[in-house]
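See structure below.
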């Protein structure tokens with residue numbers, strides 16, 4: 001019986017080890033070769049040209065993030081949670097929209113702050129803005145959707161964080177936000193964070209003077225280049241197929257126009273459909289080409305970014321469901337407001 005269980009578990013273990021993104025990258029051309037062979041070459045060429053076009057942004061973003069990691073610049077984030085609560089909310093929203101660190105890195109940092117009594121309002125401001133924008137995201141968004149869209153999304157990220165933070169501050173004594181922590185808090189992501197908080201210590205800007213920091217720079221560069229490269233390649237392959245197979249009239253009918261309906265639909269579709277912020281950029285570019293309104297595009301990326309799986313897990317791991325529900329509510333409201341504002345401006 002034990003031997004049978006081991007044999008049955010082997011395929012499952014193999015499947016868990018396989019990189020699903022790389023698998024999809026290989027599967028798309030293979031599937032096209034079976035159902036539409038003439039489309040294989042244009043699809044692969046489109047993706048390759050798109051990667052080449054955004055290559056300079058990818059390289060700069062990867063090196064910038066690696067530098068910040070190697071110097072320990074993330075330690076500066078802890079200073080946002082010092083002083084008066086209003087100041088904390090504003091700084092947390094601003095730094096959350098600029099920090100280049102993954103959601104699971106935030107878990108041990110936020111857990112420590114909440115345990116030490118940091119106000120939930122400042123934490124919420126950071127949580128809402130952090131998954132929406134970072135240096136790499138800004139550069140890739142600028143290269144694909146334009147610098148105006150990237151700046152507007154950054155402003156929206158900070159604004160949503162501020163909105164959520166001050167709302168929590170206003171209703172801090174309500175039944176929703178009292179005693180927000182779960183009884184047993186989840187542990188951090190060991191594979192990403194090394195099992196300890198990366199937010200301690202002081203920055204050392206000349207990282208090349210220390211072997212450990214040089215190693216951190218090298219490892220972060222390789223990891224992020226691989227991460228961004230595979231997700232963007234997959235996104236460009238999907239973008240090519242969207243442009244080829246999804247009728248532009250359908251997108252224009254559902255998500256086009258200047259009214260509030262496309263913006264609301266963009267937020268509702270973005271929340272469940274969003275898997276990765278970097279991959280979403282080319283997909284939104286394709287939807288815009290097919291008639292998606294500017295406001296719907298903005299609401300899609302705001303709602304989707306906050307409710308994406310990594311960002312949502314970071315919140316769910318630490319707080320009670322009622323606080324998590326408020327987090328998602330802020331995402332939807334903020335996304336619609338950002339969409340309306342961007343539609344009016346653009």
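Read the figures in this text as sums done on the coordinates, not as results from a lab. As the structure is a computational prediction, the values presented were derived from the model and not from experiment. A quick note on method: Cβ atoms are made from the backbone with ideal geometry, for glycine too, and the neighbour counts reach across all protein chains shown.
Highest first, please rank the peptides 158-167, 22-31 by the mean number of other Cβ atoms sitting within 10 Å of their residues.
Working: 158-167: 23.4, 22-31: 13.6.
The most tightly packed comes first, giving 158-167, 22-31.
A simple spin-label model places the labels of residue 205 and residue 82 1.8 nm from each other, with each point 7 Å out along Cα-to-Cβ. Could you tell me whether region 17-76 comes out rounded, prolate or oblate from its Cα gyration tensor? Rule is a ≥ b ≥ c as square roots of the eigenvalues, rounded for a/c under 1.5, then prolate if a/b exceeds b/c, otherwise oblate. It comes out oblate by the Cα gyration axes.
Label-to-label distance for residue 320 and residue 346 is 3.9 nm, based on points extended 7 Å past Cα in the beta-carbon direction. Based on the reciprocal of the average 1/r between different C-alpha atoms, the Kirkwood radius for region 204-329 equals 16.7 Å. Spin-label point model (7 Å from Cα, Cβ direction): what's the residue 245 to residue 36 distance in nm? Once both label points are built, they end up 0.6 nm from each other.
Once you have a ≥ b ≥ c as the square roots of the Cα gyration tensor eigenvalues for region 277-331, tell me rounded if a/c is under 1.5, and otherwise prolate or oblate according to whether a/b is larger than b/c. Taking the square roots of the gyration eigenvalues as a ≥ b ≥ c, region 277-331 is oblate.
Determine, from the Cβ-Cβ distance of residue 19 and residue 49 and an R0 of 22 Å, the FRET efficiency 1/(1 + (r/R0)^6), rounded to the nearest 0.05. Rounded to the nearest 0.05, the efficiency is 0.40.
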